Amino acid sequence: MKISGARTIVCSPGRNFVTLRIETDEGVHGIGDATLNGRELGVVAYLDEHVIPCLVGMDPRRIEDVWQYLYRGAYWRRGPVTMRAIAAVDMALWDIKAKMAGMPLYQLLGGKSRERVMVYGHANGADIAETSDAVARYIDLGYKAVRAQTGIPGVKDAYGVGRGALYYEPADAALPSVTGWDTAKALGEVPRLFETLRARFGFDVHLLHDGHHRYTPNEAAQLGKALEPFRLFWLEDCTAAENPEAFRTVRRHTTTPLAVGEVFNTIWDAQTLIQEQLIDYIRATVLGAGGITHLRRIADLASLYQIRTGCHGATDLSPVTMGCALHFDSWVPNFGIQEYMRHSEASDEVFPHDYRFEDGHLICGETPGHGVEIDEKLAARYPYRRAFLPVTRLADGTLWNW
Ligand code: GCO
Ligand code: MG
């Protein structure tokens, strides 16, 4: 059996997505997601010029060997572009293998460890009262876990404050928009938000918060400590993780559970954090971290230390990634939670899928493969539009982590 062809499909049903379609000489095809938010065409060029020509003629059943070929064979390792290109190939090849086996993908991984996958939604508001009402809406929709982000008085467009009730699309402009940040103000406002939420909703709902890499290790420790009475499910990306040792400071000072990994590409990014038990949840995902083949290794390493998964699931990951993630989550023994930002209706139409939301959980379908396809005719109606993620500047003009 041979790969007979492959091509990238770029579309923008509300936001940009890059999809890889791999064809075989036996007529079975597979689909992978290669979207890198705000840098999409970098991955398209990498795939078109440097991956697809090598794939043609390869045996699509040799998923591991293809992975090693694209990783080791490139000589230049890691990085968001390379690893997303590899992830797209990997997703498509698992899709093909599962279709050939006539089984849903989770069966090939070892079968289901659970019936359904708990997800968390994003509640945002311009201030604490608005965020609190947004949390109420998610609880009404059945969610058991909600991430809460609030605007901060005096700060322009603080991270996480969306435009619609259910959708949050930060990549919003043909040139990066400029947002603001003020750590001192956030250190006051964020604990007040969770005090308000616990007073209103009690402790039965899981609450999460994303620091989006904004705090120094010491500030992150302060935030974690201040949030302890409100028993968060997790505090995410409390400080930048390029330097994993930074988490030693945070960990020494707080018992608030810590989650990291949406910008990780490989097991090497997570190694110190996992082995030193500096985090509780690893957020690497199928798309960001080299596909199912590699994410499985990260999850297995994490399981040695009782660290659970919490796959990134923002809308810049297409329904193809969500489909793969749900098969992965249904199998992985050390599952924690899955992020679920709803895709727009247009995105859901372009990517027909068989997973469904029920009572705060997602359930993957039984279709052979990963269960997600792309309607290319419809996709063609939504051409690519350049869209950047914002940048952040402090009040004095200093560029900060968005
Ligand atoms: C999250 C993330 C996202 C990112 C986005 C960037 O926790 O969901 O932080 O909202 O900002 O994926 O493209
Ligand atoms: Mg995040």
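The values are calculated or read from the model by the stated rules, or taken from the named source; none is laboratory data. Remember, predicted model here, so these are calculated numbers, not experimental data. With ideal geometry, Cβ positions are generated from the backbone for all residues, glycine too; neighbour counts draw on all protein chains shown. For the accessible areas, the whole protein counts, side chains as well, though only heavy atoms, and no ligand, DNA or RNA atoms are used. Shrake-Rupley method; radii C 1.70, N 1.55, O 1.52, S 1.80 Å.
Taking the Cα centre of the chain as origin and assigning +1 to Lys and Arg Cβ atoms and -1 to Asp and Glu Cβ atoms, the resulting dipole is close to 500 debye. For ARG393 paired with GLN306, estimate the spin-label separation in nm (one decimal), with each label point 7 Å from Cα along the Cα-to-Cβ line. Distance between the two pseudo-spin positions: 4.8 nm. For the range 139-233, chymotrypsin sites (Phe, Trp or Tyr not before Pro) meeting the loop criterion (DSSP other than H, G, I, E, B) and having at most 10 other Cβ atoms within 10 Å: PHE203.
Using the Cα gyration tensor of the range 3-104, with a ≥ b ≥ c the square roots of its eigenvalues, what is the shape: rounded (a/c below 1.5), prolate (a/b larger than b/c) or oblate (neither)? It is oblate, given that a/c is not under 1.5 and a/b is not larger than b/c. Here's how it looks for MET103: its modeled amide H is under 5 Å from those of GLY369, which are all 5 or more places away or on a different chain.
Surface composition of the range 3-104: carbon and sulfur make up 53 percent of the accessible area, probe 1.4 Å.
Stretching GLU245 away from ALA184 to a fully extended chain increases their span by 19.6 nm, per 0.36 nm per residue minus the current alpha-carbon distance.
The lysines within cross-link reach of LYS97, meaning a Cα-to-Cα straight distance under 26 Å and a gap of 8 or more places when in the same chain, are LYS2, LYS112, LYS377.
Of the residues LYS99, LYS377, LYS185, LYS225, the one with the largest accessible area comes first in the ranking LYS377, LYS225, LYS185, LYS99, computed with a 1.4 Å probe on protein heavy atoms. For the range 47-205, a crude dipole built from +1 on the beta carbon of Lys and Arg and -1 on the beta carbon of Asp and Glu, taken about the Cα centre, is about 520 debye to the nearest 20. Over the range 109-368, what is the mean sequence separation of C-alpha contacts under 8 Å (at least six apart), divided by residue count, expressed as relative contact order in percent? Dividing the mean separation by the residue count of the range 109-368 yields 21 percent.
Between the Cα long axis of helix 80-101 and the first principal axis of the chain there is an angle of about 60°, rounded to the nearest 10. To the nearest ten degrees, helix 217-227 and the longest principal axis of the Cα atoms of the chain are 70 degrees apart. Remark: for residue pairs LYS185/LYS225; LYS144/LYS225; LYS144/LYS185, the C-alpha separation exceeds 27 Å in LYS144/LYS185. Roughly speaking, what is the centre-to-centre gap between the range 198-269 and the range 1-51 when only Cα atoms are used, to the nearest Å? Cα centroid of the range 198-269 versus Cα centroid of the range 1-51: 34 Å apart. If R0 is taken as 35 Å, the Cβ-Cβ distance between HIS253 and PHE357 corresponds to a FRET efficiency of 0.40. By DSSP, the beta bridges lying fully in the chain are antiparallel in about 45 percent of cases. With an 8 Å Cα cut-off and a minimum separation of 6 or more residues, compute the relative contact order for the range 3-104 in percent. About 33 percent, as a whole number. If R0 is 45 Å, the Cβ-Cβ spacing of LYS156 and ASP348 corresponds to a FRET efficiency of close to 0.90.
For the range 98-181, a simple Cβ point-charge model (Lys and Arg +1, Asp and Glu -1, everything else neutral) yields a dipole of about 540 debye relative to the Cα centre. Peptides 29-42, 83-96 ranked from most to least packed, by the mean per-residue count of other Cβ atoms within 10 Å: 83-96, 29-42. Using the average count of surrounding beta-carbon atoms within 10 Å as a protection proxy, the listed peptides 50-58, 343-351 rank, highest first, as 343-351, 50-58. Heavy atoms of the protein chains alone define the surface here; on that basis the range 109-368 has 36 Å² accessible area per residue at 1.4 Å probe size.
With each label modelled as a point 7 angstrom along the Cα→C-beta vector, the ASP25-ALA45 pair spans 3.3 nm. Once C-alpha pairs closer than 8 Å and six or more residues apart are averaged by separation and normalised to the residue number of the range 117-182, the relative contact order reads 31 percent.
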